[in-house]
Every structure is written in C-alpha cells, then in structure tokens.
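The values are calculated or read from the model by the stated rules, or taken from the named source; none is laboratory data. These numbers were taken from a predicted model, which means no experiment stands behind them. Virtual Cβ from ideal backbone geometry, glycine too; neighbours counted across all protein chains shown.
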Amino acid sequence: MDLPKLAIAALGGTVSMQARNAGEGVIPTISGETLLASVPELTTLARVTVETLGLLPSASLDFDFLLSALSWANFQIKQGAVGVVITQGTDTLEETATFFDHLWDHEEPLILTGAMRSAAQPGADGPANLLDACRVALAEDSRLRGVQVVMNGQIHPACRVRKTDSLAVQAFSSPVFGPAGMLVENVVRYVRPPAHRTVLPLPQQTTQKVAMLEASLSADTLLLENILELGYDGLVIGGFGAGHVSESWAEVIKHIAKKIPVIIATRTGSGSTAQSSYGFIGGEMDLIRKGASMAGFLCPRKARVLLWLLIGCQREDELARYLLED
Ligand code: ASP
C-alpha cells in the first residue's frame with residue numbers, strides 16, 4: 001500500500017536539546033533526522049521527508065524566519081504532503097502557532113509540537129509528542145482545521161492555545177475553550193468543531209514594529225509616552241481584568257490611538273475583554289471611546305501577532321472586524 005507523504009521540519013527548542021558535557025545546560029543540537037530516528041513506528045504510517053530548518057531556542061525565532069519556514073511548508077504541500085509537522089521550542093509556541101494559522105491557506109493540517117523535557121532527561125516527552133503530532137497531521141479529520149498544537153496527548157487550536165506552565169509536561173492549555181481533541185489509544189479524536197479562523201495574505205512588508213506593554217499597579221507612563229516617538233506602528237496592552245488601565249495610562253493611550261492602532265487585551269491569562277460593562281476612566285468603555293480596540297479572547301501576545309500581520313498587509317484599518325470575528 002502506498003503510504004501518505006508527511007513532511008517534518010525541526011526548528012530547535014527543548015525537543016532538540018541536549019547538553020554537550022555533563023553539568024552544562026542543554027542547547028539545541030539535535031537534527032530533524034535524529035528526532036525522526038526516535039520514532040521508528042512512523043515509517044509504518046507515512047513516507048516522511050525531514051529537514052532541519054534551524055536549531056534555535058524559540059525565544060530567538062522571529063517573524064522573518066517563520067515566513068521562510070512557512071514557505072518551506074507551502075512547498076511540501078505542493079509536493080503532495082498530506083500534512084506538515086514542525087517541531088520547535090515551546091516558549092513561543094502560542095505565538096508561532098497563531099502566526100502560521102493566519103497565513104495557512106491549505107486544507108491540509110500544519111501541526112506544531114515540541115517537548116518540555118530534553119532528549120536525555122528521564123521521561124523525555126519529545127518522541128511521544130512527535131509521534132502524536134504526526135498521527136494528527138495524517139488524520140483525515142484534521143483537514144480544514146488549520147494550524148494546531150499537539151502536546152501531552154492533546155490537540156489545541158492555534159488561536160486558543162497558551163503556555164500556562166513554565167516547566168510541567170502539561171504546560172499547554174486552551175483557557176475557556178478546552179482542547180479541540182486528543183489522542184485516545186493512538187487514535188485522533190476531536191471533541192470540538194473547528195475553531196473560527198482568519199486567513200490573511202502574506203505580509204508585503206516585515207519592518208513594522210508593534211510594542212506590547214502590560215498594565216501594572218502604580219506604573220508610570222514613561223514608556224507609553226515614548227511609543228510614537230520610538231517609531232512603533234502599533235501597540236498592544238495587556239490590561240487589568242477585562243481590559244482596563246489606570247487614568248494616567250488612559251490619557252496617554254488617547255493620544256497614541258489617534259496615530260496608530262491600539263489593542264487592549266486582558267493580562268489575566270483567561271477570558272475575554274469587556275465592551276460595555278465599565279464606565280470609569282481607563283475602563284473598556286472609556287478606552288473604546290478614546291480609539292482603542294478590545295482584543296476579546298485573544299491574549300496580548302496573539303493580538304500582537306495579528307496586528308503585526310495586519311499592518312504588514314495594509315489591513316490595519318479593518319482591525320475591528322478581525323477582532324470581532326475571533
Ligand atoms: N523551554 C523551551 C522549550 O520547551 C525552550 C525553547 O522554547 O526553545 O522548548
């Protein structure tokens with residue numbers, strides 16, 4: 001029987017990490033080919049092509065690098081792959097997943113995975129996650145679901161998934177919504193319909209800068225006051241509670257929002273911003289009046305990715321529509 005074609009790329013991260021010498025910290029050195037060798041069962045499921053596109057800690061990935069990884073993934077689909085799997089560091093997985101999801105216009109799945117324990121650690125989760133990710137990428141039911149993250153036996157839609165624990169194996173969750181599915185005895189089982197997705201054209205420019213600041217108690221306005229002068233093209237604020245800031249921040253935001261798009265998200269880690277509940281200065285109703293947009297369920301980091309992409313394809317004027325669609 002002709003096995004389906006599956007493409008895998010390694011970008012680095014803990015899944016690709018080991019220590020050069022005992023006592024030294026782990027660093028990314030393990031190639032895609034070596035990762036593949038850790039899951040020999042895969043050869044019975046698919047014809048696999050593998051590439052090492054990078055060996056980076058995920059903190060050092062950037063949008064330009066992701067665009068080149070995306071073009072590699074697009075090419076794999078053109079070449080007949082039924083799905084694509086990318087392994088990378090988990091620290092920025094919630095952002096890269098959103099980035100790819102907004103640009104992935106194929107029916108075939110793009111699945112991201114990584115590991116919380118490095119290759120030589122007891123109970124290393126990399127091989128299991130990789131095999132699970134491949135099963136998800138090969139599953140017919142994964143078509144038309146865009147980009148998803150597979151970690152610890154769960155499947156999370158790119159637009160919802162967050163890293164909610166720093167070191168635990170169960171580091172990923174989709175607050176409020178829960179996982180889209182899971183692997184049950186190696187079988188891919190979806191328990192939710194596909195999440196709503198917004199696919200954008202490729203950005204024509206990549207030099208735009210979007211700042212992200214978090215509101216905090218008794219914070220001064222120094223950074224905020226300099227956002228325009230520093231040349232930022234957009235601003236995302238992780239606001240208090242349902243999307244709030246102090247009176248002094250609200251005053252500065254009013255001036256910034258006249259010039260560049262400003263999104264207010266919630267810093268809480270779960271839930272939506274409000275639209276029409278709080279009327280105090282710095283509350284969401286005031287901020288909306290001052291020209292800011294509320295992020296809804298999008299966390300600050302995902303809102304920043306969306307805004308960067310919208311500016312990159314000159315659609316920032318339609319921001320409100322994209323936020324409402326979420
Ligand atoms: N701790 C990270 C990881 O889980 C390191 C990284 O993101 O590269 O992969």
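Quick test of your reading of the structure: Asp91 fulfils all but one of (1) within 16 Å of the ligand (Cβ to nearest atom); (2) not β-branched (Val, Ile, Thr); (3) not in a loop (DSSP other than H, G, I, E, B). Name the failing condition by number.
(3)
Answer with yes or no whether Leu66 is modelled with pLDDT of 95 or more, under 23 Å from Arg143 (Cα atoms) and assigned to a loop (DSSP other than H, G, I, E, B).
no
For the stretch 48-80, name all the residues that are farther than 19 Å from Thr92 by Cβ and either surrounded by 14 or more Cβ atoms within 10 Å (Cβ to Cβ) or within 23 Å of the chain's Cα centre (by Cα) (or both). Let's see the steps before the verdict.
In the first step, residues of the stretch 48-80 are kept if they are farther than 19 Å from Thr92 by Cβ; the result is 48-51, 71, 74-80.
Result: Val48, Thr49, Val50, Glu51, Ser71, Asn74, Phe75, Gln76, Ile77.
Does the stretch 95-105 contain at least one residue that is closer than 15 Å to Phe172 by Cβ, hydroxyl-bearing (Ser, Thr, Tyr) and part of a loop (DSSP other than H, G, I, E, B)?
no
List the pairs whose first member sits in the stretch 87-99 and is within 24 Å of Thr198 (Cβ to Cβ) and charged (D, E, K, R), whose second member is more than 9 Å from the ligand (Cβ to nearest atom) and part of a helix (DSSP H, G or I), and whose Cβ atoms are under 6 Å apart, counting only residues at least 6 apart or on separate chains?
Here the result reads Glu95/Arg301; Glu95/Val305, each pair linking the stretch 87-99 to a residue that is more than 9 Å from the ligand (Cβ to nearest atom) and part of a helix (DSSP H, G or I).
Restricting the first residue to the stretch 187-212 and requiring it to be without any contact (Cβ under 8 Å) to a residue 12 or more places away in the chain, which pairs with a second residue that is of a type in the set (A, V, I, L, M) meet a Cβ separation below 8 Å and a spacing of at least six or different chains?
Every condition considered, the pairs that remain are Arg189/Met182; Arg189/Leu183.
Would you point out which residue out of Asp125, Asp132 is at negative phi, among the charged types (D, E, K, R) and in contact with a helix residue (DSSP H, G or I) (Cβ under 9 Å, 6 or more places away or on another chain)? So that I can check it myself, show each step before the final result.
Working: Asp132 fails: in contact with a helix residue (DSSP H, G or I) (Cβ under 9 Å, 6 or more places away or on another chain).
Result: Asp125 is the single residue among Asp125, Asp132 that is at negative phi, among the charged types (D, E, K, R) and in contact with a helix residue (DSSP H, G or I) (Cβ under 9 Å, 6 or more places away or on another chain).
Check Gly241, Gly282, Gly234 and return the single one that is touching an Asp or Glu at 6+ places or on another chain (Cβ under 8 Å), surrounded by 15 or more Cβ atoms within 10 Å (Cβ to Cβ) and within 23 Å of Glu95 (Cα to Cα). Show your work before the answer.
On the way: Gly241 fails: touching an Asp or Glu at 6+ places or on another chain (Cβ under 8 Å); Gly282 fails: within 23 Å of Glu95 (Cα to Cα).
Among Gly241, Gly282, Gly234, only Gly234 is touching an Asp or Glu at 6+ places or on another chain (Cβ under 8 Å), surrounded by 15 or more Cβ atoms within 10 Å (Cβ to Cβ) and within 23 Å of Glu95 (Cα to Cα).
Looking only at the stretch 1-44, count how many residues are within 16 Å of the ligand (Cβ to nearest atom), part of a helix (DSSP H, G or I) and either in contact (Cβ under 8 Å) with a residue 60 or more places away in the chain or in contact with a Gly (Cβ under 7 Å, 6 or more places away or on another chain) (or both).
Count: 4.
Do you know which residues across the stretch 74-88 are more than 15 Å from the ligand (Cβ to nearest atom) and part of a loop (DSSP other than H, G, I, E, B)? First the steps, then the outcome.
Filtering the stretch 74-88 down to residues more than 15 Å from the ligand (Cβ to nearest atom) leaves 74-85.
Within the stretch 74-88, Gln79, Gly80, Ala81, Val82 qualify.
Hey, among Pro157, Pro201, Pro175, Pro109, which residue is more than 30 Å from Gly25 (Cβ to Cβ), away from the ligand (no atom under 16 Å from the Cβ) and out of contact with any Gly (no Cβ under 8 Å at 6 or more places or on another chain)?
Values: Pro157 fails: out of contact with any Gly (no Cβ under 8 Å at 6 or more places or on another chain); Pro175 fails: out of contact with any Gly (no Cβ under 8 Å at 6 or more places or on another chain); Pro109 fails: out of contact with any Gly (no Cβ under 8 Å at 6 or more places or on another chain).
That would be Pro201, the only listed residue that is more than 30 Å from Gly25 (Cβ to Cβ), away from the ligand (no atom under 16 Å from the Cβ) and out of contact with any Gly (no Cβ under 8 Å at 6 or more places or on another chain).
Please specify each residue of the stretch 45-62 satisfying the condition of being within 16 Å of the ligand (Cβ to nearest atom) and in contact with a Pro (Cβ under 8 Å, 6 or more places away or on another chain). Write out each step before concluding.
Taking the stretch 45-62 and keeping what is within 16 Å of the ligand (Cβ to nearest atom), we get 52-62.
Hits for the stretch 45-62 are Leu55, Leu56, Pro57.
Among the residues of the stretch 120-151, which ones are part of a loop (DSSP other than H, G, I, E, B) and within 16 Å of Gly13 (Cα to Cα)?
Ala120, Gln121, Ala124, Asp125
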